[in-house]
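What follows is a single structure, written as structure tokens, with notes after it.
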Amino acid sequence: MVDGFVRVSGVPEEEALAELTRGVPMKRVAEVDEIATAILFAADPANSFMTGHALAVDGGVGAI
């Protein structure tokens, strides 16, 4: 998604990423392994009693 945004933005990558992360409290996009870790956490059998929870992996966007 990020690569696609940068490609269609028509501006240099650094400028496109700055625009994309302007509203993100952590001031960056997630790394692939950060998203994968959250997915693995939710899918882990050790979390079998966890139901109906929305796990925000958004760099703090949902907190503002």
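Points to keep in mind about this one:
- Test: residue in the range 28-35 that is touching a Phe, Trp or Tyr at 6+ places or on another chain (Cβ under 8 Å), at negative phi and not aliphatic (A, V, I, L, M): no
- Residues in the range 1-10 that are in a loop (DSSP other than H, G, I, E, B) and either of a type in the set (D, E, K, R) or within 15 Å of the chain's Cα centre (by Cα) (or both): M1 alone.
- Residues being part of a helix (DSSP H, G or I), among the charged types (D, E, K, R) and surrounded by 11 or more Cβ atoms within 10 Å (Cβ to Cβ) - total across the range 27-64: 1
- Residues of the range 29-44 classified as closer than 28 Å to V6 by Cβ, among the charged types (D, E, K, R) and free of Cβ contacts under 8 Å to residues at least 12 places away in the same chain, total: 2
- Tabulated pairs, the range 45-56, first free of Cβ contacts under 8 Å to residues at least 12 places away in the same chain, second in a loop (DSSP other than H, G, I, E, B), C-beta under 8 angstrom, 6+ apart or interchain: none
- Counting residues in the range 11-23 that are within 11 Å of the chain's Cα centre (by Cα), farther than 21 Å from A63 by Cβ, part of a helix (DSSP H, G or I) and not polar (S, T, N, Q) gives zero.
Where a number appears in this text, it was derived from the coordinates with a stated rule and is not lab data. Small disclaimer: the values here were computed from a predicted structure and weren't measured. FYI the Cβ positions are ideal-geometry reconstructions off the backbone, even for glycines, and counts take in every protein chain you see.
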